[in-house]
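One structure is given here, and the rest of the page talks about it.
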Amino acid sequence: MLLPENTLPEIAFAGKSNVGKSSLINALVNRKSYARTSSEPGKTQTINYYNVNDAVYFVDLPGYGFAKVPQKEKERWGKLMEDYFAASRIDLGVMIVDYRHPPTNNDITMANWFLESGCPFVVVANKMDKLKKSEIEKNLATIRQDLELPEGTPIISFSAEKGNGKDELIGLLNQACER
């Protein structure tokens with residue numbers, strides 16, 4: 001796979017199918033349809049590069065896990081992801097998990113890749129707006145524990161719908177671009 005020539009920082013957005021990667025990107029750039037979204041899992045089928053103000057690339061990766069596509073297509077996505085990760089071009093990984101549910105085995109594998117590779121990353125617990133207040137801290141603790149995250153690994157409670165966590169995440173993205 002040929003990756004585009006690039007001298008800008010790359011922020012890679014990874015997560016399972018339908019976790020809200022594209023919606024999160026849209027929330028960050030204040031545009032409803034910058035990155036294509038769908039209620040149907042598996043809509044992002046290629047690695048999509050979004051040039052943000054000629055300052056950074058947001059890289060929207062295909063979702064892992066459940067999607068209503070043939071097995072051959074899932075294998076192709078897996079190869080795309082492996083090639084991208086092998087190129088080690090990521091300045092910051094944004095790993096998105098569903099706040100409402102414990103991390104999946106695929107989420108754990110993704111977190112392990114970031115931890116073992118030494119690639120800096122942040123975990124975004126998306127869909128915060130769909131939780132009761134009493135569930136927020138408990139679910140956050142479950143995410144940190146299941147992903148076996150070291151203390152210094154940031155987890156941001158986020159809602160693409162309401163904008164919760166947006167400023168905090170933008171601050172971390174800016175720090176990554178300055179490195």
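Worth a mention:
Let's see how each residue does on (1) hydroxyl-bearing (Ser, Thr, Tyr); (2) within 24 Å of PRO103 (Cβ to Cβ); (3) at pLDDT 65 or above; (4) in a helix (DSSP H, G or I):
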| site | (1), (2), (3), (4) |
| --- | --- |
| ASN30 | no, no, yes, no |
| ALA35 | no, yes, no, no |
| SER39 | yes, yes, no, no |
| THR44 | yes, yes, no, no |
| TYR49 | yes, no, yes, no |
| TYR57 | yes, no, yes, no |
| LYS68 | no, yes, no, no |
| LYS72 | no, no, yes, yes |
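- Positions within the range 16-27 being closer than 11 Å to ASP60 by Cβ and more than 11 Å from the chain's Cα centre (by Cα), in sequence order: ASN26
- Filtering ILE143, ILE96 for residues that are touching a Lys or Arg at 6+ places or on another chain (Cβ under 7 Å) and either within 17 Å of ASN26 (Cα to Cα) or surrounded by 13 or more Cβ atoms within 10 Å (Cβ to Cβ) (or both) leaves a single hit, ILE96.
- Among the residues of the range 82-93, those that are open to solvent by less than 40 Å² (accessible area, probe 1.4 Å), touching a helix residue (DSSP H, G or I) at 6+ places or on another chain (Cβ under 8 Å) and of a type outside the set (A, V, I, L, M) comprise PHE85, GLY93.
- Within the range 4-15, the only residue that satisfies the criterion of being under 13 Å from the mean Cα position of the chain (by Cα) and surrounded by fewer than 22 Cβ atoms within 10 Å (Cβ to Cβ) is GLU10.
- Some residue of the range 136-154 being closer than 24 Å to PRO9 by Cα, modelled with pLDDT under 95 and in contact with a helix residue (DSSP H, G or I) (Cβ under 6 Å, 6 or more places away or on another chain): no
The values are calculated or read from the model by the stated rules, or taken from the named source; none is laboratory data. Source: prediction; values computed, not measured. With ideal geometry, Cβ positions are generated from the backbone for all residues, glycine too; neighbour counts draw on all protein chains shown. For the accessible areas, the whole protein counts, side chains as well, though only heavy atoms, and no ligand, DNA or RNA atoms are used. Shrake-Rupley method; radii C 1.70, N 1.55, O 1.52, S 1.80 Å.
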